[in-house]
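Before any comments, here is the structure.
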Amino acid sequence: MRISVIGCGYLGAVHAACMAKLGHDVVGIDLDKNKVDLLSQGQAPFYEPTLNELLSELEGCGRLRFTTEMAAARGSEVHFVCVGTPQKRGENGADLRFVDAAVEALIGQVAPGDVIAGKSTVPVGTAARLAELLAETEPGATLVWNPEFLREGHAVTDTLNPDRFVYGLPDGSEDHPAVAVLDMVYATPLGSGTPRLITDYATAELVKTAANSFLATKISFINAMAEVCEATGGDVTKLADAIGLDDRIGRKFLNAGIGFGGGCLPKDIRAFMARAGELGADQALTFLREVDAINMRRRTRVVELTRELCGGSLMGQRIAVLGAAFKPESDDVRDSPALSAAAQLQLQGAVVTVTDPQALDNAAKRFPELPMEPDLETTLHKADAVLLLTEWRQYRELDPHDTLALVTAPRILDGRNVLDPAKWRAAGWTYKGLGRP
Ligand code: UGA
């Protein structure tokens, strides 16, 4: 198939490469020349495991190219819209400027029979509005809403082997010719048994926001239990293990800690609430306000616990912050709980140094006043307290004895509950987890 992918960020760059891997002829289009140049040289403009390997593998195959020219979309049979929908400045709703601009520019390039497949996360009602726009100019083309569920850090495998495909169609009908077109695009994963669900537009849009809301709720639920454990002396990790053994609950996404961040979960639950408000259904989602509040409280809790760990005052305390990315295996720092806690600690008088194996460049752009140090040992050197805030493997595997020799005071806050408290305490450390005694 001839495919165009509009937007080459965390979603689009991976989607374009994976579509070429599936055998299609792909052009990736982005306004950012820098991104396009890097991708054209076979380099990912961000850190995503195995993406660089995939880009090199595809170099020279002649089936993957990148450009800043929207006219390059002409001639493709399927056009994937993969641009961002960030939170509006000062408001909860999603900013749809990029989606609107992409679709408007694309409409001039499509031909009868083409399929525009929206992958961006959008407020319910967006697809219907864009479909009307398309019908005015090119009634022979179809808009399908085909949400993406990939996780950063696993983006390539999630794109090639997703849990499911959802096709949202104007009439929700299986017989629509666009179904067969998308089935050809996804023939390989469909052939290996990936389920495919056909819905109307609204349901397809809601599947994505509902899934992210559920995941956010699961994390905030366990973090609420962590608060109760903190008040009672219980251990939230054992509680999660025990309730997670119930199949109906499951252990995944029950890791208590400093909470969720990133470019998706936080803004998606806010945009969902804002949209429900516009639709007069705000009561249905008021619980998400609490999910958000529990999540934000974890960041404050890290600051309080660090103060306790440092004997009551943060003034002049040298704090080593391990992790800047919102999660391991990513260089994405959007709404990163680690950075937000680090900035708070600095504001309250601590002398903070942040390290991260991949995210320091992005972190420095967002927080230019936070000192960053690429070397882990240098970061730990003479620390009065160590905070593990993003659970990269190298931090999970730190040796308590070796680390002890580097710091001034052996105090550690395990913001992700990934260390073995007994091992660290036995080595002479004061260990604090979140929601653990
Ligand atoms: C999330 C969803 O998981 C994807 O399915 C979705 O496609 C994506 O958003 C999106 O909308 O594009 P992602 O933001 O990459 O993916 O990251 P997650 O793996 O969901 O983690 C989100 C945050 O939750 C991270 O900060 C992580 O550290 C935190 N988390 C996760 C916890 O605090 N506890 C857990 O048990 C799990």
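The values are calculated or read from the model by the stated rules, or taken from the named source; none is laboratory data. Remember, it's a predicted structure, so these values are computed and weren't measured experimentally. Counting neighbours? That spans all protein chains shown, and the Cβs are built from the backbone with ideal geometry, glycine included.
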Scanning the range 100-143 residue by residue, those aliphatic (A, V, I, L, M), under 23 Å from the mean Cα position of the chain (by Cα) and within 25 Å of D163 (Cα to Cα) turn out to be A117, V122, V124, A127
May I ask you to verify whether A180 is part of a helix (DSSP H, G or I), more than 10 Å from the ligand (Cβ to nearest atom), outside the structural domain of L388 (by TED's automatic domain parsing) and not charged (D, E, K, R)? yes
Of the residues in the range 413-435, those that are over 27 Å from M315 (Cα atoms) and in a helix (DSSP H, G or I) come to A422, K423, A426
Residue pairs within 6 Å by beta carbon, gap of at least six or interchain, first lying in the range 142-170 and within 10 Å of the ligand (Cβ to nearest atom), second basic (K, R) and part of a loop (DSSP other than H, G, I, E, B), listed first then second, are E148/K119; D158/R151
Among A284, A271, the single one that is under 27 Å from E152 (Cα atoms), aliphatic (A, V, I, L, M) and modelled with pLDDT of 95 or more is A271
| task | Consider A231 carefully, then state whether it is under 23 Å from A422 (Cα atoms) and away from the ligand (no atom under 16 Å from the Cβ). | result | yes
Given (1) over 17 Å from T85 (Cβ atoms); (2) surrounded by 18 or more Cβ atoms within 10 Å (Cβ to Cβ); (3) more than 10 Å from the ligand (Cβ to nearest atom), S213 misses just (1)
Note on the range 359-390: residues within 16 Å of the ligand (Cβ to nearest atom) and surrounded by fewer than 20 Cβ atoms within 10 Å (Cβ to Cβ) are R366
query: Does A320 satisfy the condition of being in contact with a His (Cβ under 9 Å, 6 or more places away or on another chain) and either surrounded by fewer than 23 Cβ atoms within 10 Å (Cβ to Cβ) or within 25 Å of D375 (Cα to Cα) (or both)?
result: yes
Flagged in the range 183-210 as within 16 Å of the ligand (Cβ to nearest atom) and either among the basic types (K, R) or under 15 Å from F260 (Cα atoms) (or both), in numbering order, are K208
Scanning the range 117-141 for residues that are farther than 23 Å from G277 by Cα and touching an Asp or Glu at 6+ places or on another chain (Cβ under 9 Å), the one surrounded by the most Cβ atoms within 10 Å (Cβ to Cβ) turns out to be G118
The residue from A101, A128 that alone is outside the structural domain of N362 (by TED's automatic domain parsing), within 27 Å of D332 (Cβ to Cβ) and more than 16 Å from the ligand (Cβ to nearest atom) is A101
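So that you can scan it fast, the table gives a plain yes or no per residue for (1) assigned to a helix (DSSP H, G or I); (2) surrounded by fewer than 23 Cβ atoms within 10 Å (Cβ to Cβ); (3) not assigned by TED's automatic domain parsing to the domain that holds E152:
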{"position": "S220", "(1), (2), (3)": "yes, no, yes"}
{"position": "A224", "(1), (2), (3)": "yes, yes, yes"}
{"position": "R248", "(1), (2), (3)": "no, yes, yes"}
{"position": "G257", "(1), (2), (3)": "no, no, yes"}
Given the conditions (1) touching a Leu at 6+ places or on another chain (Cβ under 9 Å); (2) buried (at least 18 other Cβ atoms within 10 Å of the Cβ), every one holds for Q43 apart from (2)
By residue number, the members of the range 308-340 that are more than 10 Å from the ligand (Cβ to nearest atom) and among the small types (G, A, S) are G311, G312, S313, G316, A320, A324, S340
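Rundown of residues vs (1) closer than 26 Å to L345 by Cβ; (2) within 22 Å of the chain's Cα centre (by Cα); (3) in the same structural domain as L406 (by TED's automatic domain parsing), yes/no style:
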residue: G262; (1), (2), (3): yes, yes, yes
residue: R270; (1), (2), (3): yes, yes, yes
residue: G277; (1), (2), (3): no, no, yes
residue: L285; (1), (2), (3): no, yes, yes
residue: R298; (1), (2), (3): yes, yes, yes
residue: V302; (1), (2), (3): yes, yes, yes
residue: L305; (1), (2), (3): yes, no, yes
residue: A320; (1), (2), (3): yes, no, yes
